[in-house]
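For reference, the structure discussed in these notes is given below.
The values are calculated or read from the model by the stated rules, or taken from the named source; none is laboratory data. Quick caveat: nothing in here was measured; it's all calculated off a predicted structure. In this analysis, Cβ positions are derived from the backbone assuming ideal geometry, glycine residues included, and neighbour counts consider all displayed protein chains. All accessible areas refer to the heavy atoms of the entire protein, side chains included, with ligands and DNA or RNA removed. Shrake-Rupley method; radii C 1.70, N 1.55, O 1.52, S 1.80 Å.
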Amino acid sequence: MIETLSETNLLHDPFAMFQNWYADAQPGVQGDPTQMTLATADASGRPSARIVLLKELDSGGFVFYTNYSSRKGADLAANPQAALLWWWPHQGRQVRVEGSIEQVPDTVSDAYFASRPRDSQIGAWASEQSSALRDRASLEERVAQFEKRFDGQDVPRPPHWGGYRLRPDHFEFWQMGDARLHDRFGFDLDGGDWLVERLNP
């Protein structure tokens, strides 16, 4: 059942609001509710978007992991601003988040990398993400090389791989409504306070 969003059931802490909606998306949703669109832009302003996975949420922001040498990594090095988008069709909800990007500490990336399946760890070494690849066999050959290199030992985190945290300064919560009269509320950070306003659908 699609619910309405109003001033009476809106939480004025956007992190708490997100956590409630995220929890609602877990049971029975088709697909993976951690999937989020990450939009970046390069130094010239050319945008790019792709799906990544939310791995951690705390009061500091939203954490995801990737190859620092990938296209998204290059974008974020040149222009450390990004936007995230979740779409949960079962609940008829979207959440948009915008803010600044920072790399998480190496210790945090190390701990998460150590928790990944071994084949994913090997894949992080083997893939030169976003660069041109001659053929599939070349990639499989690199996988075999790193499997041999780390045979019988723990796989360390590659120096080119780790986490980013998006620190939000804007949230938008969107609830589907009848006749396209959707409910939308924006949260903007002003100093240490969140200013809330209803937006036109």
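Show me 62-75, 168-181 ranked by packing, highest mean number of other Cβ atoms within 10 Å first. Please list the in-between numbers first.
Details: 62-75: 19.8, 168-181: 15.6.
My ranking of the peptides, most packed first, is 62-75, 168-181.
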- Task: Subtracting the Cα-Cα distance from 0.36 nm times the residue separation, let me have the gained length for Q26 to S130 in nm, one decimal.
- Result: 34.4 nm
- Counting only protein heavy atoms and using a 1.4 Å probe, what share of the accessible area of segment 1-127 belongs to carbon plus sulfur, as a whole percent? 52
- Charged-residue dipole, Cβ positions (Lys, Arg, Asp, Glu), the chain about Cα centre, Debye nearest 20: 740
- Message: Compute and list, largest first, the equivalent-ellipsoid semi-axes of the chain from the alpha carbon gyration tensor, each √(5λ) rounded to a whole angstrom.
- Response: 36, 18, 16
- Message: Between R50 and V108, what is 0.36 nm times their sequence separation minus the Cα-Cα distance? Round to one decimal in nm.
- Response: 18.5 nm
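Can you give the net charge of the other residues whose Cβ lies under 14 Å from the Cβ of P47, counting K and R as +1 and D and E as -1? If you can, show how the numbers build up before the last one.
Details: positive: R46, R50, R71, K72; negative: D42, D75, E98.
Taking every other residue near P47 into account, the sum is +1.
Could you provide, to the nearest whole Å², the per residue accessible area of segment 119-164 with probe 1.4 Å? All intermediate terms of the calculation are to be shown ahead of the outcome.
On the way: 2970 Å² over 46 residues.
Solvent-accessible surface per residue comes out at 64 Å².
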- Message: Could you sort the peptides 76-89, 6-19 by per-residue average Cβ neighbour count (10 Å cutoff), highest mean leading?
- Response: 76-89, 6-19
